[in-house]
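Report on one structure; see the data block that follows.
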Amino acid sequence: MKKVKNPATVVVNRRAHYDYQLGEKLEVGMVLTGAQVRLIRDHHAQLKGTYVTIRNHELWLLGLTLGSDTVERIKLLATKKQIASLEREKQAGATIVPVELHPLKRHIKLIIAPGKGKKEFDKRQTIKGRDLDRESKRY
């Protein structure tokens, strides 16, 4: 019997929460071909190593791995107001990080968030807090 994966969330970038202090999340659309949609729905996508850039007031996703190929760039769909706020965050030194991909009825949405990179000390604090929470739940 084949194990069924959760269709609500297709791909999650687990390193994003570990490497960055994420700001407000934003859900954006993607311009994809039919083959790309099929690969994403069949869980053949990886967000590891991907990032979002802004060129000519447009959002672009770079480095998405679909199947065994890396897609050069995918256009992201957001409003002018949302893009302007992300540009301000980027000017302030934030990186725009893809957090997760998920289907929404017929469409596939990408959740992105501006993030500030964590230092090694911050990462150790995150691990320490997680361990303390785990210990407190145990007893």
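Quick notes on this structure:
Conditions (1) closer than 30 Å to GLY129 by Cβ; (2) in contact with a helix residue (DSSP H, G or I) (Cβ under 9 Å, 6 or more places away or on another chain), marked per residue:
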residue	(1), (2)
ARG15	yes, no
MET30	no, yes
VAL52	yes, yes
ILE74	no, yes
GLU100	yes, yes
LYS105	no, no
ALA113	yes, yes
GLY117	yes, yes
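- Criterion: under 19 Å from the mean Cα position of the chain (by Cα) and not hydrophobic (A, V, I, L, M, F, W, C) - qualifying residue of LYS118, LYS128, LYS81, LYS137: LYS118
- The range 47-64, subset surrounded by 16 or more Cβ atoms within 10 Å (Cβ to Cβ) and farther than 17 Å from ALA94 by Cβ, residue farthest from the chain's Cα centre (by Cα): GLY63
- If the condition is being surrounded by fewer than 17 Cβ atoms within 10 Å (Cβ to Cβ) and either under 26 Å from GLU87 (Cβ atoms) or of a type in the set (A, V, I, L, M, F, W, C) (or both), then the range 24-46 contributes GLU24, LYS25, GLU27, GLY29, VAL31, ALA35, VAL37.
- Looking across the range 21-36, the residues that are modelled with pLDDT of 90 or more and not small (Gly, Ala, Ser) come down to LEU22, GLU24, LYS25, LEU26, GLU27, VAL28, MET30, VAL31, LEU32, THR33, GLN36.
- Pairing each residue of the range 14-29 that is more than 27 Å from LYS105 (Cα to Cα) with any residue that is hydroxyl-bearing (Ser, Thr, Tyr), provided the two are 6+ apart or on different chains, yields C-beta distances under 8 Å for TYR18/THR126; TYR20/THR95.
- Residue check: LYS75 meets all listed conditions (1) modelled with pLDDT of 90 or more; (2) exposed (fewer than 10 other Cβ atoms within 10 Å of the Cβ) but one, namely (2).
The values are calculated or read from the model by the stated rules, or taken from the named source; none is laboratory data. Quantities reported herein were computed from a predicted structural model and do not represent experimental measurements. In this analysis, Cβ positions are derived from the backbone assuming ideal geometry, glycine residues included, and neighbour counts consider all displayed protein chains.
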